Every structure is written in structure tokens, then in C-alpha cells.
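None of the figures in this text is laboratory data; all of them are computed from the coordinates on show. If you're wondering where the values come from, they're calculated on a predicted model, not measured in any experiment. For neighbour counting, all protein chains shown are included, and Cβ atoms are generated from backbone atoms with ideal geometry for every residue, glycine included.
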């Protein structure tokens, strides 16, 4: 099988002055994921690598500088699902997800840790506690 990776920078209107930064960010993310794939990494590892690039790039609505909620706070969601799906779902997927978490630099990396330990969905403080317990980068932890 030939490795393939597709990255998108979100569903948004891109003004003319933001086209180049959006293209550069998506290209950098795809290259990070591609590097994982061609070195024998898993699809989930490639997704994590690509998403970390987007989370760190201020061009995108991701990471600690994402859009504020109605309370003027950043809440982040991330998810990965890995598995073989068919009409009969012979091999169940291995999901990991967090939602409405705050203060986590790379929520996608926390999701990867969830997948390795015990697949689940953690929300808000539960996701933040898991992130802190597993040593995630939390530069601006909100209590």
C-alpha cells in the first residue's frame, strides 16, 4: 500500500492575504505526517505529527490561540479514530478524544496517549487532569 496523507486547515473563508500562510501551514503539516509514514510510523502517529504543526501555527484555529468561546476562553477538542471499518465493522476502531479542554498545548498528543492507555472520550477537567497526569505540555493551565 502506498502511504498517503491529506491535511486541511479548517473550513473557513481565506482572504487573499492569508492564502500563502494557509498553504504553507498545511504543507508543513502534511510534510510532518509524511515523514512519519515513510519512516514506518502508524497512521495515528502521522495524524498526531501533522496536527501538532497546525496546533502550533497561529494561522489556524487550533491550539492555545484558537477562537474564544462566549466566556472569552479557549476550549479545545481533538480526536483520532484508528481501525478497519467495513459494512460489518469486523475490526472495531480504537478511538481517543478530548473535548472542551483548556491550557493544553497539543491536545492531539493527549489523545494519542489515551489511545495507548485506554481508549475513551474525556471532557473539560477530566481531559485536563489526564493531560497533567501524563505530562502533557500545559503552558497556560486554566483552573
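Points to keep in mind about this one:
- Average Cα contact separation per residue, the chain, under 8 Å, 6 or more apart, as relative contact order %: 17
- Site pair residue 73 and residue 31 shows an inter-label distance of 3.7 nm when each label is modelled 7 Å from Cα along Cα→Cβ.
- Net lengthening on full extension, residue 8/residue 24 (0.36 nm per residue, minus Cα-Cα): 4.6 nm
- When Rg and the Kirkwood radius Rh are both evaluated on Cα atoms of the chain, their ratio Rg/Rh stands at 0.98.
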